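Only one structure is covered here, and it is reproduced in the block below.
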Amino acid sequence: MKVIRTEAEWKPIWTAIFKEDKSLGFVPTMGALHQGHLDLVAKSTAAMDFTVVSIFVNPTQFNSSEDFQKYPQTLEADLALLESAGADFVFVPSVATLYPQPTYLRFDFGNLEQVLEGEFRPGHFNGVGLVVAKLFHIIQPTCAFFGQKDLQQVAVIKRLVQDLSFGLSIEVVPTRREKDGLAMSSRNQRLSPAERQQAVLLYSQLLLAKERLLAGEPWSMVLADTKLAFSTAANCQLEYFALLHPETFKIFDTFRTDRPQSICIAAFVGQVRLIDNLPIIA
Ligand code: PAF
(Lines give C-alpha, C1' and ligand atoms only; values in the text may rest on other atoms or scores of the structure.)
Protein backbone atom coordinates (compact mmCIF):
# COMPACT_ATOMS: atom_id res chain seq x y z
CA MET A 1 0.00 0.00 0.00
CA LYS A 2 1.41 3.35 -1.03
CA VAL A 3 0.77 6.61 0.80
CA ILE A 4 0.46 9.63 -1.53
CA ARG A 5 0.47 13.21 -0.30
CA THR A 6 0.29 15.39 -3.42
CA GLU A 7 -1.46 15.54 -6.78
CA ALA A 8 1.95 15.45 -8.48
CA GLU A 9 2.71 12.07 -6.84
CA TRP A 10 -0.70 10.71 -7.84
CA LYS A 11 -0.75 11.67 -11.53
CA PRO A 12 1.81 9.13 -12.86
CA ILE A 13 0.08 6.36 -10.90
CA TRP A 14 -3.29 7.35 -12.36
CA THR A 15 -1.80 7.46 -15.87
CA ALA A 16 -0.37 3.94 -15.50
CA ILE A 17 -3.69 2.58 -14.21
CA PHE A 18 -5.71 4.07 -17.06
CA LYS A 19 -3.15 3.21 -19.76
CA GLU A 20 -3.78 -0.41 -18.86
CA ASP A 21 -7.53 0.17 -18.96
CA LYS A 22 -7.94 -0.80 -15.29
CA SER A 23 -10.77 0.39 -13.04
CA LEU A 24 -10.16 2.57 -10.00
CA GLY A 25 -12.38 2.61 -6.91
CA PHE A 26 -12.28 5.61 -4.56
CA VAL A 27 -13.32 5.76 -0.91
CA PRO A 28 -13.20 9.33 0.47
CA THR A 29 -12.95 9.51 4.28
CA MET A 30 -12.02 11.85 7.10
CA GLY A 31 -10.10 9.08 8.88
CA ALA A 32 -10.89 7.72 12.36
CA LEU A 33 -11.80 4.60 10.43
CA HIS A 34 -14.20 1.92 11.64
CA GLN A 35 -15.81 -1.18 10.15
CA GLY A 36 -18.29 0.99 8.19
CA HIS A 37 -15.39 2.51 6.23
CA LEU A 38 -13.82 -0.91 5.79
CA ASP A 39 -17.09 -2.14 4.24
CA LEU A 40 -16.69 0.58 1.59
CA VAL A 41 -13.10 -0.49 0.97
CA ALA A 42 -14.21 -4.15 0.72
CA LYS A 43 -16.86 -3.23 -1.88
CA SER A 44 -14.28 -1.34 -3.87
CA THR A 45 -11.57 -3.99 -3.77
CA ALA A 46 -14.12 -6.64 -4.79
CA ALA A 47 -15.40 -4.67 -7.79
CA MET A 48 -12.41 -2.59 -8.96
CA ASP A 49 -8.87 -3.37 -10.10
CA PHE A 50 -7.37 -0.74 -7.78
CA THR A 51 -8.64 1.06 -4.69
CA VAL A 52 -7.57 4.44 -3.37
CA VAL A 53 -8.78 5.78 -0.01
CA SER A 54 -8.42 9.44 0.94
CA ILE A 55 -8.00 10.64 4.52
CA PHE A 56 -8.62 14.36 4.93
CA VAL A 57 -10.43 16.14 7.76
CA ASN A 58 -12.04 18.81 5.63
CA PRO A 59 -12.18 22.14 7.51
CA THR A 60 -14.79 23.70 5.19
CA GLN A 61 -17.55 21.26 6.12
CA PHE A 62 -17.48 21.89 9.89
CA ASN A 63 -19.88 24.41 11.36
CA SER A 64 -17.74 25.21 14.36
CA SER A 65 -13.98 25.25 14.75
CA GLU A 66 -14.49 23.40 18.05
CA ASP A 67 -16.17 20.48 16.22
CA PHE A 68 -13.29 20.50 13.70
CA GLN A 69 -10.63 20.51 16.46
CA LYS A 70 -12.37 17.68 18.30
CA TYR A 71 -12.63 15.44 15.23
CA PRO A 72 -10.60 12.30 16.06
CA GLN A 73 -7.32 11.98 14.14
CA THR A 74 -5.84 8.47 14.16
CA LEU A 75 -3.66 8.32 11.04
CA GLU A 76 -1.27 5.53 12.09
CA ALA A 77 -4.12 3.21 13.13
CA ASP A 78 -6.07 4.12 9.96
CA LEU A 79 -3.13 3.23 7.72
CA ALA A 80 -2.72 -0.13 9.47
CA LEU A 81 -6.44 -0.89 8.99
CA LEU A 82 -6.33 0.07 5.30
CA GLU A 83 -3.24 -2.02 4.69
CA SER A 84 -4.97 -5.13 6.07
CA ALA A 85 -8.18 -4.26 4.19
CA GLY A 86 -6.27 -4.45 0.91
CA ALA A 87 -6.32 -0.78 -0.19
CA ASP A 88 -3.70 -0.09 -2.85
CA PHE A 89 -3.22 3.64 -2.26
CA VAL A 90 -4.03 6.15 0.48
CA PHE A 91 -4.20 9.82 -0.44
CA VAL A 92 -3.41 12.02 2.57
CA PRO A 93 -3.28 15.61 1.33
CA SER A 94 -2.52 18.63 3.53
CA VAL A 95 -4.96 21.54 3.85
CA ALA A 96 -2.57 23.60 1.70
CA THR A 97 -2.69 20.96 -1.05
CA LEU A 98 -6.48 20.99 -1.29
CA TYR A 99 -7.01 24.66 -0.42
CA PRO A 100 -3.96 26.51 -1.81
CA GLN A 101 -5.97 29.73 -1.90
CA PRO A 102 -9.29 30.96 -0.41
CA THR A 103 -12.28 29.42 -2.17
CA TYR A 104 -15.00 31.70 -3.50
CA LEU A 105 -17.15 29.16 -5.34
CA ARG A 106 -20.50 28.44 -3.66
CA PHE A 107 -22.74 25.49 -4.51
CA ASP A 108 -26.51 25.65 -4.43
CA PHE A 109 -27.98 22.20 -3.92
CA GLY A 110 -31.53 23.54 -3.82
CA ASN A 111 -33.94 21.71 -1.51
CA LEU A 112 -31.17 19.33 -0.43
CA GLU A 113 -29.37 22.03 1.49
CA GLN A 114 -32.46 23.69 2.93
CA VAL A 115 -33.74 20.79 5.03
CA LEU A 116 -32.43 18.62 7.88
CA GLU A 117 -28.60 18.55 7.78
CA GLY A 118 -28.68 21.51 5.38
CA GLU A 119 -30.86 23.51 7.76
CA PHE A 120 -29.13 22.55 11.01
CA ARG A 121 -25.57 22.74 9.61
CA PRO A 122 -25.55 25.79 7.31
CA GLY A 123 -22.69 25.66 4.80
CA HIS A 124 -21.94 22.00 5.57
CA PHE A 125 -22.91 20.68 2.15
CA ASN A 126 -21.07 23.48 0.39
CA GLY A 127 -17.90 22.28 2.17
CA VAL A 128 -18.65 18.65 1.31
CA GLY A 129 -19.34 19.59 -2.32
CA LEU A 130 -16.10 21.57 -2.56
CA VAL A 131 -13.83 18.89 -1.17
CA VAL A 132 -15.51 15.99 -2.98
CA ALA A 133 -15.34 17.89 -6.30
CA LYS A 134 -11.63 18.63 -5.71
CA LEU A 135 -10.95 14.99 -4.79
CA PHE A 136 -12.86 13.69 -7.83
CA HIS A 137 -10.82 16.00 -10.09
CA ILE A 138 -7.53 14.86 -8.59
CA ILE A 139 -8.23 11.14 -8.18
CA GLN A 140 -10.39 10.67 -11.31
CA PRO A 141 -11.89 7.36 -10.18
CA THR A 142 -14.12 4.98 -12.12
CA CYS A 143 -16.44 4.64 -9.13
CA ALA A 144 -16.68 6.29 -5.69
CA PHE A 145 -18.14 4.54 -2.63
CA PHE A 146 -20.23 6.25 0.07
CA GLY A 147 -22.10 5.03 3.15
CA GLN A 148 -25.88 5.05 3.33
CA LYS A 149 -25.63 6.38 6.89
CA ASP A 150 -25.03 9.84 5.40
CA LEU A 151 -28.12 9.62 3.21
CA GLN A 152 -28.43 13.35 2.54
CA GLN A 153 -24.72 13.57 1.70
CA VAL A 154 -25.25 10.78 -0.83
CA ALA A 155 -28.09 12.77 -2.45
CA VAL A 156 -25.89 15.90 -2.55
CA ILE A 157 -22.97 14.02 -4.11
CA LYS A 158 -25.20 12.38 -6.72
CA ARG A 159 -26.44 15.84 -7.67
CA LEU A 160 -22.87 17.14 -7.81
CA VAL A 161 -21.82 14.29 -10.11
CA GLN A 162 -24.84 14.80 -12.34
CA ASP A 163 -24.76 18.61 -12.54
CA LEU A 164 -20.99 18.82 -13.08
CA SER A 165 -20.87 15.81 -15.44
CA PHE A 166 -18.24 13.91 -13.51
CA GLY A 167 -17.72 10.75 -15.53
CA LEU A 168 -17.89 8.34 -12.61
CA SER A 169 -20.44 6.18 -10.86
CA ILE A 170 -21.52 6.33 -7.22
CA GLU A 171 -22.01 3.16 -5.19
CA VAL A 172 -23.95 3.34 -1.91
CA VAL A 173 -23.09 0.81 0.81
CA PRO A 174 -25.53 -0.14 3.63
CA THR A 175 -24.96 1.24 7.13
CA ARG A 176 -22.81 -0.92 9.39
CA ARG A 177 -24.22 -1.17 12.93
CA GLU A 178 -22.91 -2.16 16.36
CA LYS A 179 -24.52 -5.24 17.96
CA ASP A 180 -27.18 -3.10 19.67
CA GLY A 181 -28.00 -1.30 16.42
CA LEU A 182 -26.08 1.98 16.86
CA ALA A 183 -24.84 3.12 13.44
CA MET A 184 -21.04 3.10 13.32
CA SER A 185 -19.60 6.59 13.24
CA SER A 186 -16.24 8.17 14.03
CA ARG A 187 -18.16 10.41 16.44
CA ASN A 188 -19.12 7.39 18.60
CA GLN A 189 -15.57 7.50 20.01
CA ARG A 190 -16.52 10.71 21.81
CA LEU A 191 -19.42 9.13 23.75
CA SER A 192 -18.87 8.30 27.42
CA PRO A 193 -19.81 4.71 28.42
CA ALA A 194 -23.19 5.94 29.74
CA GLU A 195 -23.85 8.00 26.58
CA ARG A 196 -22.85 5.05 24.43
CA GLN A 197 -25.71 3.07 26.01
CA GLN A 198 -28.17 5.96 25.61
CA ALA A 199 -27.21 6.41 21.95
CA VAL A 200 -29.08 3.25 20.94
CA LEU A 201 -32.27 5.31 21.31
CA LEU A 202 -31.80 6.70 17.77
CA TYR A 203 -31.96 3.29 16.13
CA SER A 204 -34.59 1.84 18.45
CA GLN A 205 -36.91 4.78 17.66
CA LEU A 206 -36.31 4.31 13.92
CA LEU A 207 -37.19 0.62 14.17
CA LEU A 208 -40.28 1.30 16.27
CA ALA A 209 -41.47 3.99 13.85
CA LYS A 210 -41.05 1.62 10.90
CA GLU A 211 -43.04 -1.09 12.64
CA ARG A 212 -45.85 1.31 13.57
CA LEU A 213 -46.07 2.91 10.10
CA LEU A 214 -46.19 -0.46 8.38
CA ALA A 215 -48.91 -1.50 10.84
CA GLY A 216 -50.99 1.46 9.64
CA GLU A 217 -50.48 4.03 12.40
CA PRO A 218 -50.42 7.66 11.24
CA TRP A 219 -47.09 9.47 10.92
CA SER A 220 -48.31 12.31 13.16
CA MET A 221 -48.76 9.93 16.10
CA VAL A 222 -45.45 8.19 15.49
CA LEU A 223 -43.67 11.55 15.33
CA ALA A 224 -45.34 12.83 18.51
CA ASP A 225 -44.40 9.67 20.44
CA THR A 226 -40.80 9.83 19.22
CA LYS A 227 -40.51 13.43 20.43
CA LEU A 228 -41.93 12.32 23.77
CA ALA A 229 -39.49 9.42 24.02
CA PHE A 230 -36.56 11.82 23.51
CA SER A 231 -37.90 14.48 25.86
CA THR A 232 -38.11 11.94 28.68
CA ALA A 233 -34.75 10.24 27.95
CA ALA A 234 -31.79 11.41 30.04
CA ASN A 235 -29.05 13.21 28.13
CA CYS A 236 -30.67 12.95 24.67
CA GLN A 237 -31.98 15.85 22.62
CA LEU A 238 -33.82 15.25 19.35
CA GLU A 239 -33.00 17.69 16.54
CA TYR A 240 -35.16 16.21 13.79
CA PHE A 241 -37.10 13.06 12.95
CA ALA A 242 -38.43 13.31 9.42
CA LEU A 243 -40.23 11.16 6.87
CA LEU A 244 -38.94 11.91 3.39
CA HIS A 245 -38.12 10.82 -0.14
CA PRO A 246 -34.62 9.28 0.06
CA GLU A 247 -33.39 10.97 -3.12
CA THR A 248 -35.16 14.33 -3.38
CA PHE A 249 -35.43 14.85 0.39
CA LYS A 250 -38.98 16.12 -0.05
CA ILE A 251 -40.43 15.97 3.47
CA PHE A 252 -43.78 14.19 3.87
CA ASP A 253 -46.59 14.83 6.39
CA THR A 254 -48.19 11.46 5.77
CA PHE A 255 -46.96 7.93 5.20
CA ARG A 256 -48.01 6.10 2.01
CA THR A 257 -47.11 2.64 0.83
CA ASP A 258 -46.84 3.60 -2.85
CA ARG A 259 -43.68 5.75 -2.80
CA PRO A 260 -40.07 5.41 -1.56
CA GLN A 261 -39.74 6.78 1.97
CA SER A 262 -37.03 6.86 4.62
CA ILE A 263 -36.89 8.31 8.09
CA CYS A 264 -33.88 10.47 8.98
CA ILE A 265 -32.95 11.35 12.55
CA ALA A 266 -30.43 13.67 14.23
CA ALA A 267 -30.01 13.90 17.99
CA PHE A 268 -27.50 15.00 20.58
CA VAL A 269 -26.40 12.40 23.10
CA GLY A 270 -24.56 14.51 25.65
CA GLN A 271 -22.44 16.86 23.53
CA VAL A 272 -22.17 14.47 20.58
CA ARG A 273 -24.43 14.97 17.58
CA LEU A 274 -25.39 11.69 15.87
CA ILE A 275 -27.38 10.99 12.70
CA ASP A 276 -29.02 7.85 11.33
CA ASN A 277 -31.73 6.81 8.88
CA LEU A 278 -33.86 3.83 7.95
CA PRO A 279 -35.62 3.01 4.68
CA ILE A 280 -39.32 2.35 5.30
CA ILE A 281 -40.35 1.72 1.68
CA ALA A 282 -37.37 1.20 -0.64
O1 PAF B 1 -18.45 11.40 4.79
C2 PAF B 1 -17.32 11.89 5.01
O3 PAF B 1 -16.47 11.33 5.70
C4 PAF B 1 -16.99 13.25 4.44
O5 PAF B 1 -18.12 14.08 4.42
C6 PAF B 1 -16.35 13.18 3.04
C7 PAF B 1 -17.29 12.59 2.02
C8 PAF B 1 -15.08 12.34 3.11
C9 PAF B 1 -15.96 14.59 2.57
O10 PAF B 1 -15.08 15.20 3.46
Residue check, ILE17 buried (at least 17 other Cβ atoms within 10 Å of the Cβ), farther than 18 Å from PHE146 by Cβ and hydrophobic (A, V, I, L, M, F, W, C): yes
Does any residue of the range 117-137 turn out to be of a type in the set (Phe, Trp, Tyr), open to solvent by 20 Å² or more (accessible area, probe 1.4 Å) and over 23 Å from ILE17 (Cα atoms)? yes
Please note which helices (runs of 4 or more DSSP H) are completely contained in the range 108-201 and include at least 3 residues that are within 11 Å of the ligand (Cβ to nearest atom). 124-139, 151-163
When PRO102 is evaluated against the numbered criteria (1) more than 10 Å from the ligand (Cβ to nearest atom); (2) in a strand (DSSP E or B), which criterion, by number, is the only one it fails? (2)
List the number of the failed condition for THR97; all other conditions in (1) under 24 Å from VAL172 (Cα atoms); (2) of a type outside the set (Lys, Arg); (3) in contact (Cβ under 8 Å) with a residue 60 or more places away in the chain hold. (1)
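Would you call SER65 under 28 Å from LYS179 (Cα atoms) and more than 13 Å from the ligand (Cβ to nearest atom)?
Considered against the rule, which asks whether it is under 28 Å from LYS179 (Cα atoms) and more than 13 Å from the ligand (Cβ to nearest atom), SER65 comes out as no.
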Restricting attention to the range 268-282, report how many residues are surrounded by fewer than 17 Cβ atoms within 10 Å (Cβ to Cβ) and either assigned to a strand (DSSP E or B) or of a type in the set (Lys, Arg) (or both). 3
So for the range 39-54 (the condition being assigned to a loop (DSSP other than H, G, I, E, B), within 14 Å of the ligand (Cβ to nearest atom) and either under 16 Å from the mean Cα position of the chain (by Cα) or more than 23 Å from ILE4 (Cα to Cα) (or both)), does at least one residue qualify? no
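The values are calculated or read from the model by the stated rules, or taken from the named source; none is laboratory data. On a predicted model such as this, the values are computed, not experimentally measured, just so you know. Using ideal geometry, Cβ is built from the backbone for each residue, glycine included, and neighbour counts are taken over all protein chains shown. Remember, those area values only see protein heavy atoms, side chains included, never the ligands or the DNA or RNA. Shrake-Rupley method; radii C 1.70, N 1.55, O 1.52, S 1.80 Å.
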